[in-house]
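Only one structure is covered here, and it is reproduced in the block below.
Just so it is clear, none of the values below were taken in a lab; they were calculated from the coordinates. The structure presented is a predicted model; accordingly, all values stated were derived computationally and were not measured. Neighbour counts are summed over all protein chains in view; Cβ atoms, including those assigned to glycine, are modelled from backbone coordinates with ideal geometry.
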Amino acid sequence: MKLQMVGCSHHTAKVELRERLAFNRDQAAAALAQLRLRYPETEAVLLSTCNRVEIYVASESASSCPSHHDVVSFLAEFHGLAPVELFSDLFERTGEDFVRHLFTVAASLDSMVIGEAQILSQVKQAYELATSVAATGPLTNAAFQAALRVAKRVATETAIQQKRVSIPSVAVADFASQFFERLDDKQIVVIGAGEMGEETLRYLIDEGAKDIALVNRSLARGEELANRLAGKPHSWEDLHSLLVAADLVVSATGSKEPIVALAEFKRIVAERYQRPLVILDLAIPRDFDPVIGNLAGVYLYSIDDLKTACEQNRREREKEWPKAQRIIEEETRRFMTDLNHRATAPTIRRLKERADEVKNEEVARLLNKLANLEPHLDPKSRAEITAAFDRVVNKLLHPPLESLRDEAQHGAPHGLLDALKRLFQLKD
């Protein structure tokens, strides 16, 4: 059995690499299908967010599971990169560390903004997508269902998510406030009406923003969000004029390419007549060409630029951190115990079946001999003989089975499991 995760996050890789490795929904589905075709006995889930790209793979047989090198090569090949470009920025988690990492991610303890709720829905969506393309199986089902349960337990039993927190909340409440004392008199443009855009809109409303233009490629989606929350929906064609008039722009689309290039933005700057503009680009890949930030009067910040504010958020939640970590450790131990019990169950069953076969053969042989010596052997005596054989078998099997259960309870039982298979010649 093998559990393995290979990926990168804001802890290990800069935004430039994360955006090159990012997957949209269609790409993730295609990648999972390719991975399953290449490794048919391997289960897989692909999690791609603005802060991380992680592939979780699992297999009942370690030999049929892709290696660390295989997964890195697969990621590189899919995105048209050389594996050597990725190795130093990708990390690996296996076995118990795989489980602990997944639980920590789902519970938002590994997020840039500790306690943000969006990651749980992203983990759930990644799992559901993998399930829809038949990439999951018993191991990933168990791991991801447990992760969703653990995340809800952390949210319920700790105050880590007591206040609404997310990357948009840090961007608006902590970061934009460095430039603007108030937002109610500012012209604000929100680009993108997905989850991040919706969350941004909520925080802008909380901070008192009134003049909010909402731009989305699907005008209908923008209109629906504006009707439900606030803001004035605009068509994509209005983006140029809106950027000319804006004081603050928050962009979070799912585009694979920048939506605003340098040449186009130079024309926008010329029409702004040196008025300053703050742009918070929360998208991965980034929506604005990074060199736009070099233009006079333009303050362009990407998601990685929010780290200082996020560290402040982390420090404020440190009191709840030990409690959340205890839950993660407890649930990780429980999951590994269940997993190890599952791994040992077939061997225990085969060992008992083999013992019963030998016992039944010997009981039948003895009863046949006794029938010749004592033709009228009564049923009670026959039952007593059979019970005696049962007791002998159970007493002989008890120590190895008890040791196997103890190993499963306190650690990986694979060494003892392999020894029992060899000693009793048990076939898989």
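Anyone know which of ALA13, ALA263, ALA106 comes out most mobile in the 10 Å Cα GNM of the chain? Taking springs between Cα atoms under 10 Å, the residue moving most is ALA263.
If you count Lys pairs in the range 175-273 whose Cα atoms are under 25 Å apart, skipping same-chain pairs closer than 8 places in sequence, the total is 5.
Name the shape class, rounded, prolate or oblate, that the alpha-carbon gyration tensor gives for the range 273-315, where a ≥ b ≥ c are the square roots of its eigenvalues, rounded holds for a/c under 1.5, and otherwise prolate holds if a/b is larger than b/c and oblate otherwise. It is oblate, given that a/c is not under 1.5 and a/b is not larger than b/c.
Where the alpha-carbon atoms of the chain are placed on the principal axes, they occupy 115, 43, 37 Å, in descending order. Rounded to the nearest Hz, the phi-derived 3J(HN,Hα) couplings of the range 125-136 under the Karplus curve 6.51 cos²θ - 1.76 cosθ + 1.60 (θ = phi - 60°) are 5, 4, 5, 5, 5, 4, 5, 5, 9, 6, 9, 8, where x marks glycine and proline. The angle between the Cα long axis of helix 219-228 and the main principal axis of the chain comes to about 90°, on a 0 to 90 degree scale.
In the chain, the longest principal axis of the Cα atoms and the axis of helix 414-423 are about 30 degrees apart.
Separation of the range 93-139 from the range 18-66 is 13 Å, based on Cα centroids.
Sorting MET1, MET196 on the 10 Å Cβ count, fewest up front, what's the list?
So the ranking, lowest neighbour count to highest, is MET1, MET196.
Taking only Cα atoms and a 10 Å spring cutoff, compute GNM fluctuations for the chain and point out the largest among SER63, SER73, SER302. Fluctuation is largest for SER63.
For a quick check of your reading of the filter: which chymotrypsin sites (Phe, Trp or Tyr not before Pro) in the range 38-124 sit in a DSSP loop and have no more than 10 other Cβ atoms within 10 Å?
none
Against the chain, whose longest principal axis comes from its Cα atoms, helix 68-78 is set at around 40 degrees. Rounded to whole numbers, the Karplus 3J(HN,Hα) couplings from phi for the range 318-331 are 4, 4, 8, 4, x, 5, 5, 5, 4, 5, 4, 5, 4, 6 Hz, using 6.51 cos²θ - 1.76 cosθ + 1.60 with θ = phi - 60°, and x at Gly and Pro. As a proxy for reagent exposure, PHE265, PHE389 were ordered by neighbouring Cβ count within 10 angstrom, fewest first; the result is PHE389, PHE265.
Helix-only arithmetic for the chain: the sum of -39500 (n - 2.57) across DSSP H runs with n ≥ 4, divided by the residue total, places the mean residue ellipticity at 222 nm at -17500 deg cm²/dmol. In order along the range 79-86, the phi-based Karplus estimate (6.51 cos²θ - 1.76 cosθ + 1.60, θ = phi - 60°) of 3J(HN,Hα) comes to 9, x, 10, 8, x, 4, 6, 10 Hz; Gly and Pro are listed as x.
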